Structures are given as structure tokens and as C-alpha cells.
Amino acid sequence: MKSVSLNHEAVVALCTPRGSGALSMIRISGPGAVEIADTCALLTSKKKLVDAVSHTIHHGFVMDGHVKVDEVLFMLMRAPRTFTGYDTVEITGHNNNLLIDRTIQSLVKAGARIAQRGEFTRQAVINGKIDLVQAESIAELIAAQSEAAVEKALGQVEGSLSAQFAQLQNDLEFLVVLSEVSFEFLEEEQVDFGHGQRILDQIELVYSKIKKLHHGFAGQQHVREGVRIVLVGTVNVGKSTLFNAVIGKKRAIVSPQAGTTRDTIEAGLSVNGILWTVVDTAGLRKTDEVIEQEGILRTHEEAAKADVVVLVFDASRVMSDQERERYQEISAQYGDKIIVVASKCEGVIKAQDDIFESVHKVSALQERGIEELISLIESKITHCTQVGATPYLLNERHRATIETLIRKIHDIQNLTQQGGQYELVAYTAKDMLIQLSQLAGKHVSEKTLDLVFQKFCVGK
Ligand SMILES: Nc1nc2c(ncn2[C@@H]2O[C@H](COP(=O)(O)OP(=O)(O)OP(=O)(O)O)[C@@H](O)[C@H]2O)c(=O)[nH]1
Ligand SMILES: [Mg+2]
């Protein structure tokens, strides 16, 4: 993407999606936005927008010279009380592609430039209305797929994550002060009244805060994209029946024939705000059949990338030695991810389950034990992903910075172990402060901004 000097032009874009819907909204924002809008506006009041009071709405027409383009409402908002921090006019018109294009063309003719992806939000960052972390959270909010992700993203738009970084900045600034004060102690050959310990404590405080942010990263992907729960077992044990019972729909085909499911089948459901993708798989057995072999290969791939593997065996019959071996293998392979389920538990239990540590009994046919299985899956997910370990959604940019901060704080810890070296401690802590300010979008390169805003759509 080409980098343009983004500060001194009014930009225009359609903010609502094209397609169905009665109304559209076109925004123009930047220096001269009101004057440009006036060039294309004919207000019913015969007044000019430049003469109107800020934060008022005006009925009128968008004009292309003397030709009326559309009947609209102009919303006038003067800086700085606007989203972008610039003068802004929002034009609500009719949602028709031709009208939208002609309105935008008129505004461009009058001096506006077509906005790039995320440029309104970028203007807001440049004008200090929000920081870069908040801007990223807006993209996150638009893309959020689960209630949990929406909640977290919304908090971050309001500044919850930025506040954490600001707090860390304060703690680092204090570390710099403490370290710098110690040079003076040394110069004046004063006694160190526990000053060294204070520095160590401050380093520890900073370290624990950074670690806490980093720790939460593991669960982030799950909040964003949800979790995968895969049902695995030998043929005909009742996987598909259980799959249907868990998702509450008759989605997979069930039959007494072994090898009914040949491919993987997915279904999504939302459990307490987290998106679950439940996957039914082809039963595992030795086979010469090519399609079934491919299905079994996919079963293994699914199990490998799953967050939870529900390992199903048929309790109503005795397991063959070969089957027992297969179950032992899978248990060993997927260890902590596994929940073992004994199916068809409404009658006499014949299978020997001594190879498993703990077994959950269900009867999908009678819908018994299903709710409990869902709770078991839930606690496994919470356990293995630590969802909610931090209330934040961190992205790769944040992760990279946090990992740099961890490396630098390790450097600081090494310095103090070598005794003193407070000058270097202060120097490294200052370096960490620069990293943090870049995270918030200060002193950050145009290239980084381009990367962040590429993820946005035009009109945001
Ligand atoms: N008695 C009883 N039968 C069940 C239960 N669950 C499934 N079955 C029966 O077991 C047979 C196999 O069920 P499926 O759900 O197709 O088993 P599967 O593991 O998906 O089989 P494949 O896809 O062939 O590997 C069907 O005849 C089901 O009706 C149960 O809880 N109790
Ligand atoms: Mg099946």
C-alpha cells in the first residue's frame, strides 16, 4: 500500500455497506470538510453549513453543479468534538449505488480525496482522539464472532487495554527515576539505604505485569475464533448420534452400518459466549477402502488440531484386542485434551474400561448424560485455554511488543544480578518506554500505521 501524507486533506467515503437497506451514510472529514460539503449542498433553509452551529442537522440536496443528485440530511460536526478530531459532515441519503457514486464524485470534484482503508480511524489516532490500541479494537469489534469477543473489544475501544499499557508506562518511568537517582547516590558516595532493594522490587513489579499480559495471549485465539471439539472413536460406537445430541440437531447421518461417516462434519454453537465448533469424524478402523482411509486420515488431522478430543467407545459390547490397542494409542497421543465417553449406556455394560482413568457415561439414544458432557467439555476448555485469564484481546503486534519487553526486563534482571549497573538499567528501561509508546501509536512509523489500517474496511 502506498503511504500518503494523511494530515492535510479532507477525505470522503461511504460508511454504510452497499446493497440492501433504505439509507446510506457518506462521511467527509478533514480540514476544509465543511467548505467542501457546502460546495455540493443546497440547504432547504437557504443557509450555508459554514454559518451553522456545530452538531446540527440540515435538510437539503446534494448538487452536481445545478443538477440535484439526492435528497439528504447533512449532519454538521465541527472539530474537535468529532470521531476523527477533524471537521466532519455526514450525509445521509438514499441507498442507491448510482446516487452514492454521484454524491462522492461531487465531493471529490469539490476538493475531497477518496479515503483509504481505516482512514477516519487513522485521523482519530493522528489527532489523539484515540490511541492505536483503541483503533485496533475497533477493527476487532467489527470482526468479533462471539459475545465474549464483542465484550472484550468494546472494553478496549473504551480504553481498557490502553489503560494497562499506560499503567505499565508509569511503573517503568518510576524504575527510570529510581535508577537515575542511584547514580547520584554513587557520585556523592552516600549509603544505599535499601535503595537497591527498591529498584529490585520495582523491576519485579514491572516483570509481573508484563508476564500477566503475555500469559493471557494463549486464550485469545479461542475468544476470537472459538474452540474445536472433535469426536473420535472406532466405527459404529455412536459418535454421530452423540454429535447430533450435543449440537441439538439431526445433522449427521446415523446408521447401524459400520463406516457410515466418511468425512468430517462440523457444526457451530455458542456456549456462554464462546463459539464451539463440534466435529464428527469417520470411525477409526483398518480398511482398504480409499474413501474411508482418507476419512480416517482427516480424523487424525482433526484430533491433532482440536482443543478437546471426545473419545467415544461403545459400552454395550466387548472391545476387541485391536480396538483396545487403538484406544490406548489415542489416549497416549492426545493426553490432556481427551474426555473419554462410554456410549450406549442405557443397558448392560459389557466393555471393559480399565484402560481409561475416568469415563463419562452417556446414552445418546435416551439423551442421558449429554448436559453433563457439555459441562465437562466446558471445564476442559476453561482449563486448557484459560479463557478470561486476562480481559483483553491481544493481537500479533501487541504480542511482539510484549515479548520484546520480556526480553528487555530479563536483561535488566541480569544487570542487577551483576550488581548495580543502574545506568544500564535506566537505559534499558527507557528503551522499553519507547516500545510502549509505539504500541500506543506515538513515534510510530507510517509503515506500522499502514499495516494496522490495512485490516480495516474503507469508510471506517
Ligand atoms: N442402544 C443405543 N444405540 C445407539 C446409541 N447411540 C447410537 N446408537 C446406535 O449405534 C449405531 C451407530 O451409531 P452412529 O451414531 O452412526 O455411530 P458412529 O460412531 O457415528 O458410526 P460410524 O460413522 O460408522 O463410525 C446406530 O444404529 C445407532 O442407532 C445409544 O446411546 N444407545
Ligand atoms: Mg458416524
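The values are calculated or read from the model by the stated rules, or taken from the named source; none is laboratory data. Just so it is clear, the structure is predicted and the values come from calculations on it, not from any experiment. A quick note on method: Cβ atoms are made from the backbone with ideal geometry, for glycine too, and the neighbour counts reach across all protein chains shown. Please note that ligands, DNA and RNA were not included when accessible areas were found on the heavy atoms of the full protein model with its side chains. Shrake-Rupley method; radii C 1.70, N 1.55, O 1.52, S 1.80 Å.
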The chain: translational diffusion in µm²/s, Stokes-Einstein, Kirkwood Rh over Cα pairs, 4 °C, 1.567 mPa s | 48
Please sort through the DSSP H helices of the chain and keep those with an alpha-carbon extent of at least 24 Å along the long axis and a Kyte-Doolittle average not below 0.5.
-> 160-187
For segment 228-384, just say rounded, prolate or oblate: build the C-alpha gyration tensor, square-root its eigenvalues into a ≥ b ≥ c, call rounded for a/c under 1.5, and beyond that prolate if a/b exceeds b/c, oblate if not.
-> rounded
If every Lys and Arg gets +1 and every Asp and Glu gets -1 at its Cβ, then about the Cα centre the chain yields a dipole, in debye to the nearest 20, of 1760
State to the nearest 20 debye the size of the charge dipole of segment 228-384 about its Cα centre, where the only charges are +1 on K and R beta carbons and -1 on D and E beta carbons.
-> 340
With all protein chains present, segment 11-131 has a carbon and sulfur share of its accessible area (1.4 Å probe) in percent of 59
Report the charge-dipole magnitude of segment 11-131 in Debye, nearest 20, computed about the Cα centre from +1 at each Lys and Arg Cβ and -1 at each Asp and Glu Cβ.
-> 80
If the limit is 31 Å between Cα atoms, which of Lys250/Lys460; Lys380/Lys408; Lys152/Lys380 go over it?
-> Lys250/Lys460; Lys380/Lys408
Report, in deg cm²/dmol and to the nearest 500, the calculated mean residue ellipticity at 222 nm for the chain, where each DSSP H run with n ≥ 4 adds -39500 (n - 2.57) and the sum is divided by the residue count.
-> -15000 deg cm²/dmol
Find which of Ser343, Ala304, Val232 sits farthest along the positive direction of the dipole of segment 228-384, computed with +1 on the beta-carbon of Lys and Arg, -1 on that of Asp and Glu, about the Cα centre.
-> Ser343
So which aspartates and glutamates pass the test for Lys47, namely a Cα distance under 15 Å, with those fewer than 8 places away in the same chain ruled out?
-> Glu35, Asp38
Excluding residues on the same chain fewer than 8 positions from Lys249, give the lysines whose Cα lies under 19 Å from its Cα.
-> Lys239, Lys344
Assuming R0 = 35 Å, can you tell me the calculated FRET efficiency for the pair His94 and Ala400, based on Cβ-Cβ distance, to the nearest 0.05?
-> 0.20
Round to the nearest 0.05 the FRET efficiency obtained for Ala166 and Glu301 when R0 = 56 Å and r is the Cβ-Cβ distance.
-> 0.80
Name the aspartates and glutamates eligible as straight-distance cross-link partners of Lys337: C-alpha to C-alpha under 13 Å, and not fewer than 8 places from it in the same chain.
-> Glu302, Asp307, Glu378
Difference of contour (0.36 nm per residue) and Cα-Cα distance, Gln454 to His55 | 140.6 nm
Work out the charge dipole of the chain with +1 on the Cβ of Lys and Arg and -1 on the Cβ of Asp and Glu about the Cα centre, then indicate which of Val62, Phe74, Thr16 is farthest towards its positive end.
-> Val62
Multiply the residue gap between Ala258 and Gln418 by 0.36 nm, knock off their C-alpha separation, and tell me the result in nm, one decimal place.
-> 50.8 nm
Using 18 Å as the cut-off for backbone N distance, which residues of segment 417-460 belong to the label zone defined by a point 7 Å from the Cα of Asp411 along Cα→Cβ?
-> 417-439
Length gained, Leu43-Gln352, 0.36 nm per residue minus C-alpha separation, equals 102.9 nm
Measure off 7 Å from each Cα along the Cα-to-Cβ vector at Ile291 and His66, then give the distance between these two points in nanometres to one decimal.
-> 7.2
1.4 Å probe accessible area per residue over the chain, in Å² = 50
Given Leu175, Ile126, Gly159, which one lies farthest toward the positive end of the charge dipole of the chain, if we put +1 on the Cβ of every Lys and Arg and -1 on the Cβ of every Asp and Glu?
-> Ile126
